[in-house]
Structure formats: structure tokens, C-alpha cells
Amino acid sequence: MNELAGKHIVLGLSGGVACYKAADLCRQLIKEGATVQVVMTEAAMQFITPVTMQALSGRPVHGSQWDAREPNNMPHINLSREADAILVAPCSADFVARLAQGRADELLSLLCLARPQERVPLLLAPAMNREMWAHPATQRNLAQVAQDGATVLAVGNGDQACGETGDGRMLEPEELLEEVIAFFTPKVLAGQKVLVTAGPTFEAIDPVRGITNHSSGKMGFAIARAAREAGAEVTLVAGPVHLATPRGVHRINVQSAQNMLEAVMQKAQRASVFIATAAVADWRPATQSEQKIKKDGSGQTPVLGFVENPDILATVAQSQHALVGDLFCVGFAAESHDLLAHATAKRQRKGVPLLVGNLGPATFGQDDNALLLVDAQGHRELPRASKRILAQQLVAEIAQRLPALQA
Ligand SMILES: Cc1cc2nc3c(=O)[nH]c(=O)nc-3n(C[C@H](O)[C@H](O)[C@H](O)COP(=O)(O)O)c2cc1C
């Protein structure tokens, strides 16, 4: 999608086994449109060769402050001035210690120190053994570099190259890519607490069967990701879907509409924006058999009665928190025809400021979609695009409508 088009990133590698992941990270950054200049410490070159990184980045790798290839012989100045960001991945414990002290005895730490702090952010992706990570010296150094303006990314937990298990693994390349993209996203939802529902609900008939729908959750998950990237604290209440949780998003899994309502009502009180993307079942079986309903060979089919499910969007929109204007509610309508008429009517019926219409058959399970935004002023189409792009556009539209941000 070229989400990093026009960005120039200095990718610094310090010494650690996770250097092998930096090769993939380099590829992924370039695939997203960034240009990448690799700088390696001497220790990093023990783990992976500059040849690999040069081949992947398409640029000669730098590894020494004495490198005479630069006409002025000052790679630390030239490389740091060109960069939109410096990302050190992997960032060794030793490298953090050097940063914390402001050391500059090799090229990578030298260019970090020499960078213009106000316009070249420094992102660190630590990678180390769990004992090194937990050591007070490392934690002290990390706190110091964060205080000095670096962004310290999280570490993963799990099996480590040394055979131990715990905290300190470097994030995976795709996770780091998500973090870099998030870092560059304008923070139009800073300070907002966004609650999103996504996916279908599952209404049980008996312990092994139930009624659900084709919603994949992709739209709601994309919105949760975009909202978090825009600076919001995001809670995602998800029906049964097989999608990875976007980074930095708090996820609550639910099954039925009633479960979803309970989870939403608990979280809505603290939220400032509610986006109801989930395709909630309108009805559920009136009774739920505790045991599997058996076919008895008589040819008789079971008779299912239905009761109406709670209307989650309307319930939240009519809560005191929303009525006094502390919660901005956004509804979704999945229709099969007459989108504008249905979406307009639904907006009024539910009492929400913004209703987003989409055609169910054209969105369920798809990676792209088209949206119709209906508010008190009228309507606006967001033409067919990937759900990722639509989610970013919708987040921008919501941000514009939030009273506190307009002031
Ligand atoms: C096999 C091996 C694996 C290592 N893995 C790591 C690691 O994952 N993280 C780390 O902080 N140091 C690790 N080290 C130690 C660093 O390579 C060492 O501290 C080095 O001085 C780092 O130099 P640099 O910060 O200039 O790259 C490892 C050392 C060896 C020999």
C-alpha cells in the first residue's frame, strides 16, 4: 500500500541474533515505499553480513565513522540529516547503555547522538536474553533513553535463541513495520478512548450449533488499528473471528449479542467514541437446549422460535453518557439495497450523529469495501478501496466531528 512512501529510514543494526530478522524488516520497509540506509555496528556484522543488507536495501551499508566514501568524511552528519527516522533493530543491551551515556565511539551511536533531535526521531527495538532485559542496569538505561526522547518499542515474550523463555525477544518484522507506520500517523485521536465492536455474533441453538452471519470482522479490526495509530486508546469487542489483534489494541472476545452488550456497557462508560461495526444478530433462538438436539429418525424437524436481541447501538446511544455529549456514537448499517434510504432512517431511529452504510454482500469477508457516511448535514461516499484505507478515512472523518477537537 506504500504507507511509508517518501520516508527515508536509517535502519541501525547492533549485535544480536535478531539481526536475521532485520533483513526481513528491511525488505518490508522498502515494500511499503520507504528508502532504507543500513548502518551496522561491528558486532552486528558478526551476525549478518553487510552484503545481505546492501543487496536488500539497494545501498552500500555504513559501518565506520572513518569511512572515506563520504566526500566530507562525516557519515554521522550526512546520514542523520537525511533521515525521517532512525530505527535501531535489533537494539542490544550494550547499545542502549551507550545511548544512555551519550557515547559516540562508533558510527551508529555517533549518528544517534549527532541527529537533530527535534526532527529525526529515534526508535529502538530491544532484543536480548531475558536476564539481560530484566537487569536493573538495562531497565535504568532504557528509562534514561526514553527520557532523553527515544521511543522504546515493546519486546516480545517467548522462546529465545539461547534456549531460555521469557521477555526480550525482538518484535517480529511485521510488528515493527506496524509500529513504524503507527509512529508516522498523525495523532488526530490523541487523548480519545475509542470502543469498537467487530465481527458477527453467534447465537447458540444447542451446545454444538448456532446461528451466525458472514461478517469477517475485517472492517472493525481495520478501524481499531487506524484509531490506535491515530493516538487513541482502543478497546475492541470482537465476536468469533479468526483475525490477529492489531498492535496496542485491547481485545475482548465475546460470542452472543447479549455477551457483546455486557462487554460494551462495561467499557462504554469510560469511552469517548463508540464505533459499532459488529454485525449483531437481530434475533436469537428463544430457548437454548442444554444438550445436543438429536435427530430421532421420525422425520420431524425441530421448531425454532426466536426472540429479539438487545439493540447495542441504540442502548449505548441512549445512555446518559452519550446523551450528555460525552460519547460520540458511530453506527454501521449493512444493507442489501436502498443504502441511502436505509442508512438515513437507521441514523434517526438509533439517534446517532454518524451512520456508516455499506452493502452486506459486497463487504462480508472482502478485503475492500465502499462506505456511505450519513450525518445531520447530509451524506458523503467513500468510494471502493481497501478496508485499511477506508478505516483511515473514517477515523479522519470522526476526528473532524469530535467537538473537543474542533475547538
Ligand atoms: C551469540 C551471541 C548472541 C548475542 N545476542 C545478543 C542479544 O540478543 N542482545 C544483546 O543485547 N546482546 C547480545 N550479545 C552480546 C552483544 O553482541 C555484545 O554486547 C556486543 O558488544 C554488542 O555490540 P553493539 O552494541 O556494538 O552491537 C550476543 C553475543 C553473542 C556472542
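Select from the chain the helices, each a whole stretch of DSSP H, whose alpha-carbon atoms run 18 Å or more along the helix axis and whose Kyte-Doolittle mean is at least -1.0; answer none if there are none.
Details: long enough: 19-31 (19 Å, 0.01); 387-401 (21 Å, -0.05).
What comes out of the filter, once short or polar helices are dropped, is 19-31, 387-401.
Cβ neighbours within 10 Å, averaged per peptide: list 353-361, 133-141 in order, most packed at the top. Let's see the in-between values first.
Numbers: 353-361: 20.2, 133-141: 14.7.
Peptide ranking by packing, descending: 353-361, 133-141.
For the chain, what D do you get in µm² per second when you plug the Kirkwood radius from alpha-carbon pairs into Stokes-Einstein at 10 °C and 1.306 mPa s? Mind dumping the intermediate values first?
Numbers: Rh = 23.8 Å.
Approximately 67 µm²/s, per Stokes-Einstein.
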- Message: Can you return the lysines within cross-link range of Lys21? Criterion is Cα-Cα under 29 Å, with same-chain partners fewer than 8 residues away left out.
- Response: Lys7, Lys31, Lys187, Lys218, Lys387
- Note on the structure: Site Thr151, offset 7 angstrom along Cα→Cβ, radius 11 Å on amide nitrogen, limited to the range 216-239, gives 229-231
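Take peptides 117-124, 272-279 and line them up by average Cβ neighbours within 10 Å, highest first, as a rough protection proxy.
Packing order, densest peptide first, comes out as 272-279, 117-124.
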- Around Asp282, what is the net charge, scoring Lys/Arg as +1 and Asp/Glu as -1 over all other residues with Cβ under 12 Å from its Cβ? -2
- Listed residues Arg130, Arg169, Arg225, most fluctuating in the chain (Gaussian network, C-alpha, under 10 Å): Arg130
- Message: Just to be sure I understand the model, the point goes 7 Å from the Cα along the line to the Cβ. What's the resulting Glu308 to Met1 distance in nm?
- Response: 3.7 nm
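Students often check this: by mean Cβ neighbours within 10 Å, which of 99-105, 297-303 ranks highest, and how do the rest follow?
Details: 99-105: 15.4, 297-303: 7.0.
Top to bottom by mean Cβ count within 10 Å: 99-105, 297-303.
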- Measuring from label point to label point, each 7 Å out along Cα→Cβ, what is the Arg119 to Asp338 span in nm? 5.7 nm
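Counting only other residues whose beta carbon sits under 15 Å from that of Leu355, what net charge do I get with K and R as +1, D and E as -1?
Working: positive: Lys346, Arg347, Arg349, Lys350, Arg380, Arg401; negative: Asp311, Glu335, Asp338, Asp375, Glu381, Glu397.
Taking every other residue near Leu355 into account, the sum is 0.
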- When the helices in the chain are scored as -39500 (n - 2.57) per DSSP H run of 4 or longer and the sum is shared across all residues, what 222 nm value do you end up with, to the nearest 500 deg cm²/dmol? -10000 deg cm²/dmol
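Taking 0.36 nm per intervening residue step and subtracting the Cα-Cα distance, what contour gain separates Asp105 from Asp367 on full extension? Can you show the working numbers first?
Details: separation 262, 0.36 × 262 = 94.32 nm, distance 4.88 nm.
Result for the pair: 89.4 nm of gain on full extension.
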- Message: Just to verify a number: FRET efficiency for Glu42 and Ala190, C-beta to C-beta distance, R0 = 30 Å, to 0.05?
- Response: 0.15
- Query: Excluding Arg169 itself, what net charge comes from residues whose Cβ is under 13 Å from its Cβ, given Lys and Arg +1 and Asp and Glu -1?
  - Reply: -3
- Task: Quickly work out the Arg349-to-Val241 label distance, labels modelled 7 Å from Cα along the C-beta direction, and quote it in nm with one decimal.
- Result: 2.3 nm
- Those lysines that a straight Cα-Cα span of less than 21 Å connects to Lys267, excepting residues fewer than 8 apart in one chain: Lys193, Lys350
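All of the numbers you see were taken from the coordinates with simple rules; none came from a lab. Given the structure is predicted, the values throughout are model-derived calculations rather than measurements. Heads up, the Cβs are rebuilt from the backbone with ideal geometry, glycines too, and the neighbour counts pull from every protein chain shown.
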